[in-house]
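Heads up: the structure comes next, in structure tokens.
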Amino acid sequence: MENNQLDILQGGHVVGKFFKSGKAITAGDYKIAVLQEDAVVTSFTDEDDIDQIALWNISGETLKAGTILFAHNSKGIKSLTVSSGSGFALGNMD
């Protein structure tokens, strides 16, 4: 079985997650996500469950590798799923 999600650790604490297509990142205190490959984002909500795909007008768009995603209202990322590509999400690294 292929692992589609791996933790990013700093000092023994989880500060982020790697993700691949079809695997949602959820329940984290993530501030940004960075795409490592071209990707289509299929779900993206902030802490208030506001649809960030609609706010950024990126529905159906292929976003390029290196794109940095963050919630429009400076809230944390609650969930993010891509149908293709991969990336990582990072939270508070204090």
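The values are calculated or read from the model by the stated rules, or taken from the named source; none is laboratory data. What you see is a predicted model, and the numbers here were worked out from it, not measured in a lab. Glycine also receives a Cβ, built like all others from the backbone with ideal geometry; neighbour counts cover every protein chain displayed. Heads up: the accessible areas ignore ligands, DNA and RNA and are worked out on the full protein's heavy atoms, side chains in. Shrake-Rupley method; radii C 1.70, N 1.55, O 1.52, S 1.80 Å.
List the trypsin sites (Lys or Arg not before Pro) in the stretch 22-91 that DSSP assigns to loop (not H, G, I, E or B) and whose Cβ has at most 12 other Cβ atoms within 10 Å. Which are they?
Sparse-neighbourhood loop trypsin sites (Lys or Arg not before Pro): Lys64.
By the scheme Lys and Arg +1, Asp and Glu -1, what is the net charge of all other residues having a beta-carbon under 13 Å from that of Thr67?
Overall, the nearby charge balance is -2.
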Task: Surface share of carbon and sulfur [accessible, 1.4 angstrom probe, percent] for the stretch 45-94 - done: 51 percent
